[in-house]
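Below is one structure, written out as structure tokens; the observations come after it.
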Amino acid sequence: MSGAKVISVMNWKGGVGKTTMTHHLGTGLHMLTKEERLEYLGSEKMPRILFVDNDAQCNLSISCLHVEKYEDLVYKQNIPTIYDLYKLFICNESPVVDMHNYIIKNQVRMDNRRIFMGMDLLPAHQELVYLDMNIAMNSRASFQSGLISKEIYKYQYLNDILEPVCSDYDYIFIDCPPNLGYTTLNALYASEYCLIPTGLDHLSSYGIASLLKEIDRLNTEFATAVPDHPMIEVVGIVANNVEENREAPKRSQKLIRERLQDSYHELMFEPYLTRGDGIPNASEQGYPVYADRSANALKQGDLLLGILREFLDRI
Ligand SMILES: Nc1ncnc2c1ncn2[C@@H]1O[C@H](COP(=O)(O)OP(=O)(O)O)[C@@H](O)[C@H]1O
Ligand SMILES: [Mg+2]
């Protein structure tokens, strides 16, 4: 795909901050100063951003719009969602689609009064939970089941959905469900980059080695099936829910962070996000933590912008 930089935020573990990170990296791009935009983005212009909610939990849609507005649009007004797009692409090999009917434009909330201009959302629907099963059951006659390379179309739906709007945006952020099913693999196929948030606890850090191995394997499989398919680059691993003692991670988390740094070296982001009330409070209001002025919100906002700057340095 040409145009936007496409980034999947993924981890097969839930509750590690995928949605939080997606929401705050995207909205954070509009919190940078003019000078920072020039330095990190190469232009003073506000970047155009598309959020893609690729998770049946719909948390990114809710975070962007506020729960009431989301429910009104998707479950009362029945506007179409990413799930309708997937279904169209599963049932037709090259459907004619007007993406303007699916993308919610300029409705992402900055705070209680303002919205971000130039920030759009492709919302999710809870029925997205059936997508993996739909994809698995829908085999094209011309393909035999078995190897990924023979069933590569099962991984290409989201790529095909986003292709026509790619040049309308500078960044497309895809929020993923906590698994490695077809829904997530569609996001990875469509992405140049992936970012992995993690907790600094034993079980969260345990899964990262196998996750990275799986991304390597997918890169090989995708390249075998589609030789000019760009490799998915792991931008890095970001620690979240860090608890501090005197401005540094508490001892048990510090040890796990050091272990991750020993294993994954420069893949580990230097900045991390602390656990605190700022994020859940803001999320309940349906806006990013940058909008609140409590001490914790200010701290988490600063940390998130630090993570964003490192992210931009890396892509
Ligand atoms: N640093 C943090 N401090 C406090 N709460 C957080 C933090 N990061 C995420 N949360 C909260 O934890 C829950 C899970 O985070 P979320 O981003 O939805 O994870 P995931 O998308 O990986 O399942 C959400 O309620 C979110 O608001
Ligand atoms: Mg999530």
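The values are calculated or read from the model by the stated rules, or taken from the named source; none is laboratory data. From a predicted model like this one, the values you see are computed outputs, not experimental measurements. Cβ coordinates were reconstructed from backbone atoms using ideal geometry, including for glycine residues, and neighbour counts include every protein chain displayed. Surface areas here come from the heavy atoms of the whole protein model, side chains and all, with no ligands, DNA or RNA. Shrake-Rupley method; radii C 1.70, N 1.55, O 1.52, S 1.80 Å.
Out of the helices (runs of 4 or more DSSP H) lying entirely within region 1-89, which hold 1 or more residues that are away from ligand 2 (no atom under 16 Å from the Cβ) and at pLDDT 95 or above?
Answer list for region 1-89: 18-28, 67-71.
From the set of residues in region 155-211 that are outside any helix (DSSP H, G or I), among the polar types (S, T, N, Q) and under 30 Å from residue 253 (Cα atoms), which is most open to solvent (accessible area, probe 1.4 Å)?
Among residues in region 155-211 that are outside any helix (DSSP H, G or I), among the polar types (S, T, N, Q) and under 30 Å from residue 253 (Cα atoms), the one most open to solvent (accessible area, probe 1.4 Å) is 179.
Within region 114-131, does at least one residue satisfy the condition of being closer than 29 Å to residue 170 by Cβ, assigned to a loop (DSSP other than H, G, I, E, B) and either over 21 Å from the mean Cα position of the chain (by Cα) or of a type in the set (Ser, Thr, Tyr) (or both)?
Taking every residue of region 114-131 in turn, at least one turns out to be closer than 29 Å to residue 170 by Cβ, assigned to a loop (DSSP other than H, G, I, E, B) and either over 21 Å from the mean Cα position of the chain (by Cα) or of a type in the set (Ser, Thr, Tyr) (or both).
For region 295-312, indicate whether the set of residues that are of a type in the set (Gly, Ala, Ser), at pLDDT below 95, more than 30 Å from residue 68 (Cα to Cα) and open to solvent by less than 50 Å² (accessible area, probe 1.4 Å) is non-empty.
No, that holds for no residue.
For (1) without any contact (Cβ under 8 Å) to a residue 40 or more places away in the chain; (2) under 19 Å from residue 29 (Cβ atoms); (3) not acidic (Asp, Glu), each residue gets a yes or a no:
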residue	(1), (2), (3)
152	no, no, yes
158	no, no, yes
168	no, yes, no
185	yes, no, yes
192	no, yes, no
199	no, no, yes
202	no, no, yes
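Can you name every residue in region 282-294 that is at negative phi and either open to solvent by less than 10 Å² (accessible area, probe 1.4 Å) or within 9 Å of ligand 1 (Cβ to nearest atom) (or both)?
Result: 282, 283, 284, 288, 289.
Please go through region 269-281 and pick out each residue that is more than 12 Å from ligand 1 (Cβ to nearest atom) and crowded, with 19+ Cβ neighbours inside 10 Å. Spell out how you get there, then give the answer.
From region 269-281, those more than 12 Å from ligand 1 (Cβ to nearest atom) are 269-271; that's our starting set.
If the condition is that a residue be more than 12 Å from ligand 1 (Cβ to nearest atom) and crowded, with 19+ Cβ neighbours inside 10 Å, then 269 is the only one that fits.
Would you check which residues across region 30-70 are over 14 Å from the mean Cα position of the chain (by Cα), open to solvent by less than 60 Å² (accessible area, probe 1.4 Å) and within 24 Å of residue 189 (Cβ to Cβ) and list them?
Residue satisfying the conditions is 47 alone.
Scan region 71-130 residue by residue and report those that are of a type in the set (Lys, Arg) and either loosely packed, with under 12 Cβ neighbours inside 10 Å or in contact with a Phe, Trp or Tyr (Cβ under 6 Å, 6 or more places away or on another chain) (or both).
76, 109, 113, 114
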